[in-house]
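For reference, the structure is listed below as structure tokens.
Read-outs: derived from the displayed coordinates by stated rules, not from any lab. Since we're looking at a predicted model, the values are computed, not measured. Because the Cβ atoms are built from the backbone with ideal geometry, glycine has one as well, and the counts that use them run over all protein chains shown.
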Amino acid sequence: MAVNRVSIVTLEPKIESMAISLRDRVLNYESSFKTVALANEIRQLCSDKRSDPFQVLSLVEPWGTEDETASVLISHLSSGDEDELAWPSQVLCSIVLPRFLVLAEPVSRLLLTSTIEYCKFHQRAAVHGLLFPLALRKEGINTPICDVITRILKECLHPAHVSAFCRMLLCGGEEERSFVLLPCHEFLFSNEFVWTDSLFNLLHNILNHNVHLTQDSVDRLVYHVRQMAETFSKSLKFGNFLLCLVTKCSSMLKSHKDLLTEAVESTDTLVTRSILSKVLIMLLYMMTIEAI
């Protein structure tokens, strides 16, 4: 895991005091009008040459606000002329990311809508400031987090960009799948995937979104499928993903027929027979092609 953040500098006492004052105001919502003004003050303080935006945002703690406040902050913390990645990533990793990491139930429509609108205009920031860290959550992703990632991928990124995201996530090194986050949240992430039912469900959703994965992405998926087959042998989500993989990526699975067969034979779900049938058809097709 490669974490991008600017060099930490010591905040002047005046800057630190202002940040703490902003935190008190952020946590006490009064009105949308006052929150807009508050967003402007946060942005000005973070852009001050004497300050470090990561340290300022860590002191302001904008992730602790109510959804309505967070929605207004997200909508008004960008002026449209900032760096494509740096500041928008800091906005996402300080306001949205910590809230999504602890989701135990569906996110509010208000916060999700404002996040999606922000990510549409800041796609690179969405990948590095939100999607990568969510996918590498230390406990793995659950159903609410899966739903959030699915919505952002579907509504904010072109399928070709989703394919590139998957390739970086599955095959990339630390530098390729680097992400931006506040230092106080680094302990919440892992260097490796934590495989869960919801992660397989996310990959299933991606394939169903007509995303064309690269060959190396498919190769890595088959490897992980074989590794995880016994662990998820009774998981319907794992079985559905495997069926979808065989259906959507059949032309890229020729060299993996033995591994896939072993993986399928290790499962015991309602879709196992259907998967075996698909694999058999694929094998027969490959044999026919080779004979021509």
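Looking only at region 212-225, decide whether some residue is surrounded by 15 or more Cβ atoms within 10 Å (Cβ to Cβ), touching a Lys or Arg at 6+ places or on another chain (Cβ under 8 Å) and acidic (Asp, Glu). Taking every residue of region 212-225 in turn, none turns out to be surrounded by 15 or more Cβ atoms within 10 Å (Cβ to Cβ), touching a Lys or Arg at 6+ places or on another chain (Cβ under 8 Å) and acidic (Asp, Glu). May I ask you to list the residues in region 120-156 that are touching a Leu at 6+ places or on another chain (Cβ under 7 Å), assigned to a loop (DSSP other than H, G, I, E, B) and of a type in the set (A, V, I, L, M, F, W, C)? Answer for region 120-156, where residues must be touching a Leu at 6+ places or on another chain (Cβ under 7 Å), assigned to a loop (DSSP other than H, G, I, E, B) and of a type in the set (A, V, I, L, M, F, W, C): just ILE141.
Of all residues in region 48-77, those satisfying the criterion of being in a helix (DSSP H, G or I), of a type outside the set (A, V, I, L, M) and within 17 Å of MET18 (Cα to Cα) are PRO53, PHE54, GLN55, SER58, PRO62.
If the condition is being part of a loop (DSSP other than H, G, I, E, B) and not hydrophobic (A, V, I, L, M, F, W, C), then region 157-174 contributes HIS158, GLY172, GLY173, GLU174. In region 31-56, the residues that are within 14 Å of LEU73 (Cα to Cα) form Cβ pairs under 9 Å with partners that are small (Gly, Ala, Ser) and outside any helix (DSSP H, G or I), at six or more places apart or across chains, as follows: ARG43/SER78; ARG43/SER79. Among the residues of region 218-239, not a single one is among the acidic types (Asp, Glu) and closer than 25 Å to GLY129 by Cα.
For region 70-88, the condition of being aromatic (Phe, Trp, Tyr) and under 15 Å from the mean Cα position of the chain (by Cα) holds for none of the residues.
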